[in-house]
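See structure below.
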Amino acid sequence: MKITFCMYQFVMGGIEKSLLQILTEMLKSNICQISIVVRKPHVEKDFADFCNRNKIKLDIIPYQEITYDKAKTSFLKKFFIKVFNKIQKIRSKHFLQSLLKGQDLVIDYFNCSFYDLLKKINIPKIGWYHSSFKQYEKNFLRNNKKYARLYDCFVVITKSFQSKLITDKYIGAKTVQIYNPFNIAKIKKQAIQADYPKDEKYFTFVARFHDDKDHQTIIDAFEHIFAKFPDVKIYFVGDGETKSHYEKIVRNKNLQNNLIFCGKLANPLGYIQHATANILSSPSEGLSNILVEGAILGTLNIASDCPSGPAEILLNGKGGVLYPVGDNKKLAQIMEDVLENKINTQELINNADKEINRFDSTEIAKQILTLCHQVITNKEVKSK
């Protein structure tokens, strides 16, 4: 099978990491020839090296559109930018069309970000959506009829998301649920090899610094328990556009010795494995890779009960602790209960471990390969 994956960007993030794991397992089957096309020009070195090592053809669409501030841009400038962008889109379509000649299947893997470029390209297509249903509802629900026409199959990453789409008269019958893949044995091995804070009582929060991750709730929660637990720490692992903003907030609260900003770590798994608990505070998630990694490593997960992944990963509270989105007081109470052993942490960890194989990368790859074969075969049958 000649399969092309379409990616909006190729920088380090959950979607990109999941794709690398999928490709690693798919290539082991020896029945695929994989290529990748990226819409944004920047490709991080790790991804380029992966493609080189595995002889994956990697192309970047060279025709980039101009973004602009609608409120601050003059009418005349808007007009010329729109004309320029229209030309760039046409050129991008022709470029993509030439790349896809002879391919058996296209997988639009990054939240269907190639939708506008894949129209009128007569190759079987799978659309993949990683974000929460809330985001899907905001951006795509009104276009379900168009999506149903374009994609032969539509993949979502949680069962709760699928249950909301399954009754949709346009796309419901085409919806398939497949979890993100995790190499469980490799993650456990990497955690053993990783560094971590020794002889400390601490929580971890691993996420890029962005408004959609809600570091503020964790900072506020810690403030509630600081007087009672002055030696406890939280390690913020990650970088991003709002990091300096939160560092300033922490300094102003004089909590810089307890709320530690680690930056981006090459291997944060040691931090997660030895933490008292691993925290997620997002207002919205698809399927949180960090929660799955926490469960694999036998660490208690504490997560905001946001749509749509955390409750599913944490078995609706039987495999971890859930709290209302943005409720810093409830989060503080949970942290306090954990520190005082008022929660049966081991029971929650054991429950999560019993269900962890649903994320195993080998099984997920089998599901994907089967789906690819079905979509290609169905298209061939229809065309005869």
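Observations on the model:
- Matching residues in region 1-37 - criterion: being open to solvent by less than 80 Å² (accessible area, probe 1.4 Å), closer than 21 Å to LEU96 by Cβ, out of contact with any Cys (no Cβ under 8 Å at 6 or more places or on another chain) and without any contact (Cβ under 8 Å) to a residue 60 or more places away in the chain: PHE10, VAL11, GLU16, LEU23, ILE34
- Single condition THR242 does not satisfy, out of (1) modelled with pLDDT of 95 or more; (2) polar (S, T, N, Q); (3) over 21 Å from ALA277 (Cβ atoms): (1)
- Filtering region 258-268 to residues that are among the hydrophobic types (A, V, I, L, M, F, W, C) and either buried (at least 24 other Cβ atoms within 10 Å of the Cβ) or closer than 21 Å to ALA332 by Cβ (or both) leaves LEU259, ILE260, PHE261.
- Search result, residues across region 295-332 that are part of a helix (DSSP H, G or I) and either in contact (Cβ under 8 Å) with a residue 40 or more places away in the chain or of a type in the set (Ser, Thr, Tyr) (or both): ALA295, ILE296, ALA311, GLU312, LEU315, ASN328, LYS329, LEU331, ALA332
- Within region 213-234, the set of residues being open to solvent by less than 20 Å² (accessible area, probe 1.4 Å), under 15 Å from ILE302 (Cα atoms) and outside any helix (DSSP H, G or I) comprises ILE234 only.
- Among residues of region 59-74 that are open to solvent by 70 Å² or more (accessible area, probe 1.4 Å), those with a beta-carbon under 8 Å from a residue that is of a type in the set (Val, Ile, Thr) and not in a loop (DSSP other than H, G, I, E, B) at least six positions away or on a different chain give the pairs ILE66/ILE81.
- Evaluated against (1) surrounded by fewer than 22 Cβ atoms within 10 Å (Cβ to Cβ); (2) of a type in the set (Val, Ile, Thr); (3) touching a Gly at 6+ places or on another chain (Cβ under 8 Å), ILE313 falls short on exactly one condition, (1).
- Here region 201-212 is the region considered, the condition is being modelled with pLDDT under 95 and part of a loop (DSSP other than H, G, I, E, B), and the residue that is nearest to GLU340 (Cα to Cα) is ALA207.
- Here region 318-351 is the region considered, the condition is being under 18 Å from PHE226 (Cα atoms) and in contact with a strand residue (DSSP E or B) (Cβ under 6 Å, 6 or more places away or on another chain), and the residue that is most open to solvent (accessible area, probe 1.4 Å) is LYS330.
- Of all residues in region 276-291 being under 25 Å from ASP199 (Cα atoms) and either in contact (Cβ under 8 Å) with a residue 40 or more places away in the chain or of a type in the set (Gly, Ala, Ser) (or both), the one that is surrounded by the fewest Cβ atoms within 10 Å (Cβ to Cβ): THR276
- Test: ILE81 is touching a Phe, Trp or Tyr at 6+ places or on another chain (Cβ under 9 Å), open to solvent by less than 30 Å² (accessible area, probe 1.4 Å) and either part of a helix (DSSP H, G or I) or modelled with pLDDT under 95 (or both): yes
- Condition met for VAL325 (over 27 Å from SER131 (Cα atoms) and touching a Ser or Thr at 6+ places or on another chain (Cβ under 7 Å)): no
The values are calculated or read from the model by the stated rules, or taken from the named source; none is laboratory data. Source: prediction; values computed, not measured. Here Cβ is always computed from backbone atoms with ideal geometry, including for glycine, and neighbour counts include all displayed protein chains. Just so you know, the surface numbers come from the protein's heavy atoms only, side chains and all, with ligands and any DNA or RNA stripped out. Shrake-Rupley method; radii C 1.70, N 1.55, O 1.52, S 1.80 Å.
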